[in-house]
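Scroll down for the structure; my scribbles are underneath it.
Rule-based calculations on the coordinates, nothing more; no lab input. Because the structure is a prediction, the values reported are computed rather than measured. Cβ placement follows ideal geometry from the backbone for every residue including glycine, while neighbour counts extend to all protein chains displayed.
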Amino acid sequence: MQDADKSATASGGLIAQIDGRSLRIGIVQARFNAALTDALATACMNELAALGVGPKHITHITVPGALEVALALHALAESEDYDALIALGCIIRGETYHFELVANESGAAVTRVALDHGIPIANAVLTVENEDQAWARIDKGRDAARVAVEMANLMEDLS
């Protein structure tokens with residue numbers, strides 16, 4: 001089992017020690033808005049490396065868009081080869097209701113895969129009003145890596 005060392009924060013709470021050395025992580029990246037999702041993926045993979053996840057323990061696949069992310073996550077989860085998964089994408093509001101449909105359905109589908117398979121999925125599919133907002137949130141790729149590693153360790157501790 002992963003070491004569950006904890007350290008106190010200034011507010012008296014606990015934060016988990018994040019160690020990804022023994023973890024296998026799957027990343028599914030939407031190619032729509034590729035410049036943004038490529039930057040999310042780079043931030044994510046750099047953070048996974050910093051957390052000790054080896055390159056041979058990371059599977060990175062791409063799909064056309066945000067609605068296809070969940071199906072690929074499902075396939076990875078079905079394989080039972082991963083400790084955690086990461087969803088990366090970017091949905092930018094347009095002039096029609098399509099934004100709400102894609103944002104709502106992709107988010108719900110990612111959550112469903114996580115719950116159906118009992119695997120942590122860090123959801124970094126950005127839902128933003130414009131491209132500037134997306135660029136301001138590129139660090140969400142890094143955050144997703146940290147969430148995936150922490151949750152994988154937690155799930156191991158709970159099992």
Query raised in the report: In terms of modelled amide H atoms, which long-range or inter-chain residues lie less than 5 Å from the amide H of Val125?
Result: Gly89
**Report entry** For Lys56, Lys140, order by how many other beta-carbon atoms lie within 10 Å, fewest first
**Finding:** Lys56, Lys140
**Report entry** Diffusion coefficient, µm² s⁻¹, Stokes-Einstein with Kirkwood Rh over alpha-carbon pairs of segment 6-158 at 20 °C and 1.002 mPa s
**Finding:** 137
Query raised in the report: Expressed as an acute angle from 0 to 90° and rounded to the nearest 10, what is the orientation of the C-alpha long axis of helix 66-79 relative to the principal long axis of the chain?
Result: 30
Query - Distance-filtered residues of segment 112-155 - backbone nitrogen under 19 Å, label point 7 angstrom along Ala49 Cα→Cβ - result: 138-149
Requested in this report: Report, to the nearest 10°, how far helix 140-158 tilts away from the longest principal axis of the Cα atoms in the chain, using its own Cα long axis and a range of 0 to 90°.
Outcome: 40
Query - In degrees, nearest ten, helix 98-117 long axis to first principal axis of the chain (Cα) - result: 30
Report task. List the residues whose amide H sits under 5 Å from the amide H of Thr62, counting only those 5 or more places along or on another chain, with H placed 1.01 Å from N in the peptide plane. Result -> Gln29
Requested in this report: First obtain the Kirkwood hydrodynamic radius of segment 25-94 from its Cα pairs, then insert it into the Stokes-Einstein equation at 20 °C and 1.002 mPa s, and state the resulting D in µm² per second as a whole number.
Outcome: 174
**Report entry** Helix-only [θ]222 nm of the chain, DSSP H runs n ≥ 4, -39500 (n - 2.57) each, per residue, nearest 500
**Finding:** -15500 deg cm²/dmol
Query raised in the report: Put +1 on the Cβ of each Lys and Arg and -1 on the Cβ of each Asp and Glu in segment 6-158; which of Ala145, Ala109, Phe32 then has its Cα farthest toward the positive end of the dipole?
Result: Ala145
Report summary line: Rounded to one decimal in Å, the inverse mean reciprocal Cα-Cα distance for segment 59-109, i.e. its Kirkwood radius, is 12.0
